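Student: Take this structure, written in structure tokens, and hold onto it; I'll ask about it next.
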Amino acid sequence: MTNLPVRLLIAASGTGGHLFPAIATANQLKDYHIEWEGEPHRLGTQLVPSQYPLHTISVEGFQQKLGLGTFKVLSGLIASILQVRRILKQGKFQGLFTTGGYIAAPAIIAARSLGLPVILHESNVLPGKVARWFSRLCNVVAVGFEEGAKYFPTGKTVYVGTPVREQFLSSQSLDFSIPENVPVIAVVGGSQGAVAVNQLVRECIPAWVEAGAWIIHQTGENDPDALSIEHPQYFPMAFYNNMPGLFQRANLVISRAGAGTLTELAVTRTPSILIPYPYAADNHQVYNANVFASKGAVLVFTQAELTTEKLQNEVLKLLKSPENLEKMAVGAESLAVKDSANQLANLVRQFLNRKSADN
């Protein structure tokens, strides 16, 4: 009798924070047959189809207060559950892996209604609503931060860190003509950019370049002033693909505090200044940033308190203090789980192989 590969459906959509850990985990399961559940018009439609078959379903958020819109959300959820059930049954899948977000809700309910094991990964310290609400239905919840376990049912969690793309774990070069011994500042606002941070940074650039720094600035696509400054030591761009090379070369990163970015900073042992996104759900980026601050890996400032003068001077102080930057690098590295993708893949195997053996 031929041993057919275990069939796994992955539900991950939205931002890179949900997609990249799922892709990194999937890459560790090369002997599995994997298909993907995503949402139309999201980042996954660009990243997934070249690697895995993609099924798209429409899912609405759960942020609305009770009212007429509630019925629409619930009816949409029911339709999505039925759609995922069809995908699971027709594909003869043996389990579900999800990284949370709205798409996880119908996926978890559908999988459990069919008696399939569900493995959930939550990368943030403070879990999202869907992860908190539906974690009891999951067989296991893998957490990216040890501090996140307290938000889930006792005995349900396993600490594995958050997987990163393989390129972050190997030496990468930076494709810019930058001298070897100059300080490099990287500014990243997440996949959407950060216009408020961009404005502060641009006001600091004259002082930083005068101090000898070179700046690589990922501005995002929504900043009308992205190209307003020209200087041979300043490289603005809407999007930059080689983040592994950038983080490995940078002496200092200025960033939001998404869990995915922080994990990348940890594995590349890169010091950073964090400005948590003030409108993130439940202010969850602050929780992430505080864990890194507790290890001395970062400086954290709220967007409201940060002025041009403060940002300019904090960066200059760090660039003049290699010993402080090294202490921050050591603190960041202490939070790295470099085999996270392998740990998470083994967790998936533990539950799905058990299910396969039972059939």
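So that you can scan it fast, the table gives a plain yes or no per residue for (1) under 19 Å from L137 (Cβ atoms); (2) not in a helix (DSSP H, G or I):
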{"residue": "Q28", "(1), (2)": "no, yes"}
{"residue": "H41", "(1), (2)": "no, yes"}
{"residue": "Q46", "(1), (2)": "no, no"}
{"residue": "S80", "(1), (2)": "yes, no"}
{"residue": "F97", "(1), (2)": "yes, yes"}
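Student: Could you grab me the full set of residues in segment 1-16 that are of a type outside the set (D, E, K, R) and surrounded by fewer than 23 Cβ atoms within 10 Å (Cβ to Cβ)? Can you show your working first?
Tutor: So the first thing to find is which residues in segment 1-16 are of a type outside the set (D, E, K, R), and the list is 1-6, 8-16.
Within segment 1-16, M1, T2, N3, L4, P5, V6, G14, T15, G16 qualify.
Conditions tested, residue by residue: (1) assigned to a loop (DSSP other than H, G, I, E, B); (2) in contact (Cβ under 8 Å) with a residue 40 or more places away in the chain; (3) under 17 Å from L318 (Cα atoms); (4) among the aliphatic types (A, V, I, L, M).
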residue	(1), (2), (3), (4)
V164	yes, yes, no, yes
L174	yes, yes, no, yes
E180	yes, no, no, no
P206	no, no, yes, no
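Student: Check segment 101-111 and report whether any residue there is surrounded by fewer than 23 Cβ atoms within 10 Å (Cβ to Cβ), among the aliphatic types (A, V, I, L, M) and modelled with pLDDT of 95 or more.
Tutor: Yes, that holds for at least one residue.
Student: I'd like to verify a number: residues in segment 255-291 that are farther than 20 Å from S173 by Cα, among the β-branched types (V, I, T) and not in a helix (DSSP H, G or I), how many?
Tutor: Matching residues across segment 255-291 total 2.
Student: Give the residue that is farthest from G14 (Cα to Cα), with candidates limited to residues of segment 35-87 that are modelled with pLDDT under 85 and small (G, A, S).
Tutor: The extreme case among them is G67.
Student: Given the structure, is I119 outside any strand (DSSP E or B), within 18 Å of L8 (Cα to Cα), touching a helix residue (DSSP H, G or I) at 6+ places or on another chain (Cβ under 8 Å) and assigned by TED's automatic domain parsing to the domain that holds Q28? Please lay out each step first, then the result.
Tutor: Working: outside any strand (DSSP E or B): no; within 18 Å of L8 (Cα to Cα): yes; touching a helix residue (DSSP H, G or I) at 6+ places or on another chain (Cβ under 8 Å): yes; assigned by TED's automatic domain parsing to the domain that holds Q28: yes.
Considered against the rule, which asks whether it is outside any strand (DSSP E or B), within 18 Å of L8 (Cα to Cα), touching a helix residue (DSSP H, G or I) at 6+ places or on another chain (Cβ under 8 Å) and assigned by TED's automatic domain parsing to the domain that holds Q28, I119 comes out as no.
The values are calculated or read from the model by the stated rules, or taken from the named source; none is laboratory data. Being a predicted model, the structure only gives us computed values, none of them experimental. Virtual Cβ from ideal backbone geometry, glycine too; neighbours counted across all protein chains shown.
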